[in-house]
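J.: The structure that follows is given in the form of structure tokens.
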Amino acid sequence: MIVLGIETSCDETGIGVVRAEPGGSVTLLANEVASSVEEHARFGGVVPEVASRAHLQAMVPAAHRALATAGVTGRDVEAVAVTAGPGLTGALLVGVAAAKAYAAAWDVPLYGVNHLAAHVAVDTLQHGPLPPCLALLVSGGHSSLLDVPDLAGPVTPLGATIDDAAGEAFDKVARLLGLPFPGGPHIDRVARDGDRGAVAFPRGLTGPRDAPFDFSFSGLKTAVARHVEALERAGTPVPVADVAASFQEAVVDVLTAKAVRAARERGMDTVLLGGGVAANSRLRELAQERCAAAGIALRVPRPGLCTDNGAMVAALGAHLLVAGAQPSSLQLPADSSLPVTEVLV
């Protein structure tokens, strides 16, 4: 069974094609991504209208490339899956409209899926069937801890960011340090030459009375800003590598500690790390160290599957198709604030 997936929640136009087997295994056939990040870089962040127009221009060419790479045609596709939310409303609408058009033209079922759940499902393309797990999803818009008993749901949210997500904090701190957008890859690169213990930046929401599984990175971002401002007022050069490494360590320390604690308390022996920030080398390294020490298996997709892509949407759609889930209606809406508990719309 061939499933085509469409992802347009932010600034990547992703088209994925997978083959689902009746036994539940899913094989990746194509994963085309057209990114508009360079168009947003001069603004220092994603501009929703620019993203929407870029999706419109990239959608059909990306779909044609994906089908050609997979060696299939529209007549071979048995289902279409699309990110229905959460994300930027205008961007989501482009993907949802395209998915409806393809599903109607090919007369196949349509599955509107949750972006966050798709970040969990993508791991099956690399590591096979996923057991019940504790998912730590870290991206530009989300930092979440989820109890995932099954890909088809229901998903139980355990914690989330109360202000800036980790990816947002990376972008804002990169700007403070004079690094390009998007900030995550550049901070990761620069931090490799820095001292992680050079600056004792705060760890948000880690006190005994704080919500154990929620995240807060706004205070950390402010602490970095004040540190940089103090150095500049004193006429002291800013040690960019040390500040980047210390900031990065503060983020990944909190993320991994809370994930391991949640897994222990929920009695889970598998942690899944997903989302764009999961490509961060220090996050992957520390997560592996702490999970190994706790006797917990860690699953992390390769970096190319961590960032937003159509393969993750196709993978989730394939699992829903095999499970016999009820397809979405052609009246499927785009929901920018779709709750993580709603895997299929």
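The values are calculated or read from the model by the stated rules, or taken from the named source; none is laboratory data. Quick caveat, the model's predicted, so the values are computed rather than measured. Every residue, glycine as well, gets a Cβ built from its backbone with ideal geometry; the counts of neighbours run over all protein chains shown. Areas reflect the complete protein model, heavy atoms only, side chains present, ligands, DNA and RNA absent. Shrake-Rupley method; radii C 1.70, N 1.55, O 1.52, S 1.80 Å.
J.: How many of the residues making up the range 1-10 are open to solvent by 10 Å² or more (accessible area, probe 1.4 Å) and either touching a His at 6+ places or on another chain (Cβ under 8 Å) or β-branched (Val, Ile, Thr) (or both)?
T.: 1
J.: Of all residues in the range 232-250, count the ones that are polar (S, T, N, Q) and either in contact (Cβ under 8 Å) with a residue 24 or more places away in the chain or open to solvent by less than 40 Å² (accessible area, probe 1.4 Å) (or both).
T.: 2
J.: Which condition from (1) of a type in the set (Gly, Ala, Ser); (2) closer than 29 Å to VAL322 by Cα; (3) surrounded by fewer than 20 Cβ atoms within 10 Å (Cβ to Cβ) is the one that ALA211 breaks?
T.: For ALA211, the failing item is (2).
J.: Taking GLU229 as the residue in question, decide whether it is modelled with pLDDT of 95 or more, charged (D, E, K, R) and open to solvent by 30 Å² or more (accessible area, probe 1.4 Å).
T.: The answer is yes for GLU229.
J.: Are any of the residues in the range 33-44 open to solvent by 40 Å² or more (accessible area, probe 1.4 Å) and within 16 Å of LEU305 (Cβ to Cβ)?
T.: yes
J.: Something else about it: Please state which one of LEU344, LEU332, LEU305 is in contact with a helix residue (DSSP H, G or I) (Cβ under 8 Å, 6 or more places away or on another chain) and within 13 Å of VAL122 (Cα to Cα).
T.: After ruling out the rest, the residue left standing is LEU305.
J.: Just checking, which of ALA97, ALA103 is closer than 19 Å to ALA62 by Cα and open to solvent by less than 10 Å² (accessible area, probe 1.4 Å)?
T.: Residue meeting the stated conditions: ALA103.
J.: Continuing with the same structure: Given ASP253, ASP195, ASP188, which one is on the phi < 0 side of the Ramachandran plot, open to solvent by 40 Å² or more (accessible area, probe 1.4 Å) and in contact (Cβ under 8 Å) with a residue 12 or more places away in the chain?
T.: Among ASP253, ASP195, ASP188, only ASP195 is on the phi < 0 side of the Ramachandran plot, open to solvent by 40 Å² or more (accessible area, probe 1.4 Å) and in contact (Cβ under 8 Å) with a residue 12 or more places away in the chain.
J.: VAL108: open to solvent by 10 Å² or more (accessible area, probe 1.4 Å), touching a residue at least 40 places away in the same chain (Cβ under 8 Å), within 24 Å of GLU21 (Cα to Cα) and assigned to a loop (DSSP other than H, G, I, E, B), yes or no?
T.: Against the criterion (open to solvent by 10 Å² or more (accessible area, probe 1.4 Å), touching a residue at least 40 places away in the same chain (Cβ under 8 Å), within 24 Å of GLU21 (Cα to Cα) and assigned to a loop (DSSP other than H, G, I, E, B)), VAL108 does not qualify.
J.: Considering (1) of a type outside the set (Asp, Glu); (2) part of a loop (DSSP other than H, G, I, E, B); (3) closer than 29 Å to PHE43 by Cα, say which one PRO154 fails and leave the rest.
T.: (3)
J.: Among the residues of the range 290-320, which ones are open to solvent by 30 Å² or more (accessible area, probe 1.4 Å) and within 20 Å of VAL345 (Cβ to Cβ)?
T.: Residue satisfying the conditions is HIS319 alone.
J.: Follow-up. If you check THR156, THR124, which single one turns out to be over 13 Å from the mean Cα position of the chain (by Cα), farther than 19 Å from ASN309 by Cβ and among the polar types (S, T, N, Q)?
T.: THR156
J.: Taking helices (runs of 4 or more DSSP H) that fall entirely within the range 230-345, which contain at least 2 residues that are within 30 Å of ALA97 (Cβ to Cβ)?
T.: Filter on the range 230-345 gives 303-306, 310-322.
J.: Continuing with this model, one more query. Take the conditions in contact with a Ser or Thr (Cβ under 8 Å, 6 or more places away or on another chain) and either over 24 Å from SER36 (Cβ atoms) or of a type in the set (S, T, N, Q) (or both) and apply them to THR341. Does it pass?
T.: yes
J.: Ok, one more. From the list ARG196, ARG189, pick out the single residue that is over 18 Å from the mean Cα position of the chain (by Cα), more than 17 Å from VAL271 (Cα to Cα) and assigned to a loop (DSSP other than H, G, I, E, B).
T.: Answer to the check: ARG196.
J.: Looking only at the range 11-28, which residues are open to solvent by less than 40 Å² (accessible area, probe 1.4 Å) and not acidic (Asp, Glu)?
T.: THR13, GLY14, ILE15, GLY16, VAL17, VAL18, ALA20, GLY24, VAL26
J.: Let me ask something additional. So GLY167 ticks every box in (1) out of contact with any Phe, Trp or Tyr (no Cβ under 8 Å at 6 or more places or on another chain); (2) open to solvent by 40 Å² or more (accessible area, probe 1.4 Å); (3) within 25 Å of PRO339 (Cα to Cα) but one. Which box is left unticked?
T.: The one condition GLY167 does not meet is (2).
J.: Please go through the range 70-87 and give me each residue that is out of contact with any His (no Cβ under 8 Å at 6 or more places or on another chain), in contact (Cβ under 8 Å) with a residue 40 or more places away in the chain and either over 17 Å from LYS100 (Cα atoms) or in a helix (DSSP H, G or I) (or both), ordered by number.
T.: The answer is ALA70, GLY71, VAL72, ASP76.
J.: (1) among the aliphatic types (A, V, I, L, M); (2) outside any helix (DSSP H, G or I); (3) open to solvent by 10 Å² or more (accessible area, probe 1.4 Å): which one isn't true of LEU134, the others all being true?
T.: The one condition LEU134 does not meet is (3).
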